[in-house]
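**Student:** Here it is: the structure, laid out below.
The values are calculated or read from the model by the stated rules, or taken from the named source; none is laboratory data. Predicted, not measured: the structure shown is a model, and the values here were computed from it. Backbone-built Cβ (ideal geometry, glycine too); neighbour counts: all protein chains shown. Remember, those area values only see protein heavy atoms, side chains included, never the ligands or the DNA or RNA. Shrake-Rupley method; radii C 1.70, N 1.55, O 1.52, S 1.80 Å.
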Amino acid sequence: MPATGPRGQFQHVARRLESSGFEVQQWNPEGQMSQFGQQTPPAPAPTPAPGQKAVWIFLPTMPANPMNPMAGGGGNQVVADKLNERLEAGDGVFVMLMADPSARFGVANPIADTLNRWGITPQLDRVVLDLTQLPDKRTRASNALHVDQWPQALPITTALAGMRGLFIQASPLVTGETEGVTHQPLARLKGNKLWAERDFEDGAGQ
């Protein structure tokens, strides 16, 4: 699905950025699907002008098929190559990932491998669940996690004060000591009883 434009999933975000003076472009490294259901080749990637600062937002890519771990998920390598290229160029990046069932089969994710070099290990083989109580006193595992309090050390999280965030099927992030790298969390999940569930493909949290 497109990120911006009339049917874009993030069109409201793009409009807000544009109203703040940002130039917003979208690019699909795997090309687009035509109206006839055919895959078209990708257009050239946007190129910042000399001296122009840029922030690249990497949206989640579809994971490989867990029934056939060696097939699918090829777009991850293309995205990882572009991610490494822009990091080396000194651009800012914002990476969003999704849980990947194929990670349980040992299938490598090149995007996660790139983040590992920065001391960030996404555990994409599991999702975070919270034990919640229903009105009838029964309990259930929920994969919808709300954030009401944001860390106040950064301008971006200070601006989110009073807003409620929602994470669906969030995977844990593990950070480690890396020379020259400082980790500052944008959000922390809290709940009655949180745990990471690997068996999320069998209806856990539904």
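**Student:** Taking θ as phi - 60°, what are the ³J(HN,Hα) couplings along the range 142-156 by the Karplus curve (6.51, -1.76, 1.60), each to the nearest whole Hz, with x for Gly and Pro?
**Tutor:** 10, 9, 9, 10, 9, 10, 10, 10, 10, x, 9, 7, 10, x, 5
**Student:** Apply the a/c threshold of 1.5 to the C-alpha gyration tensor of the range 126-179 and tell me whether it is rounded, prolate or oblate.
**Tutor:** oblate
**Student:** Enter the accessible area per residue of the chain (Å², integer; probe 1.4 Å; all protein chains in place).
**Tutor:** Ligands and nucleic acids excluded, the figure is 68 Å² per residue.
**Student:** Given q = 0.33 Å⁻¹, what are the Debye log10 I(q)/I(0) values for the range 117-157, with equal point scatterers placed on the Cα positions and solvent ignored?
**Tutor:** -1.04
**Student:** Could you name the lysines in cross-link range of K53, using Cα to Cα under 29 Å and dropping any fewer than eight places away on the same chain?
**Tutor:** K82
**Student:** Cα axis of helix 75-88 to longest principal axis of the chain: angle in degrees, 0 to 90, nearest 10?
**Tutor:** Value to nearest ten degrees: 70.
**Student:** About its Cα centre, how strong a charge dipole does the chain have in debye, to the nearest 20, once Lys and Arg get +1 and Asp and Glu get -1 at the Cβ?
**Tutor:** Roughly 660 debye for the chain.
**Student:** In the range 124-166, if the dipole is taken from +1 on Lys/Arg beta carbons and -1 on Asp/Glu beta carbons about the Cα centre, which of Q152, L134, G165 is farthest to the positive end?
**Tutor:** In the range 124-166, that residue is L134.
**Student:** Cα to Cα, under 29 Å, and not fewer than 8 places away if on the same chain: which lysines meet these conditions relative to K193?
**Tutor:** Those lysines meeting the cut-off are K137.
**Student:** Another question, if that's okay. Per residue and in cubic angstrom, what volume does the convex hull of the Cα atoms of the chain have?
**Tutor:** 179
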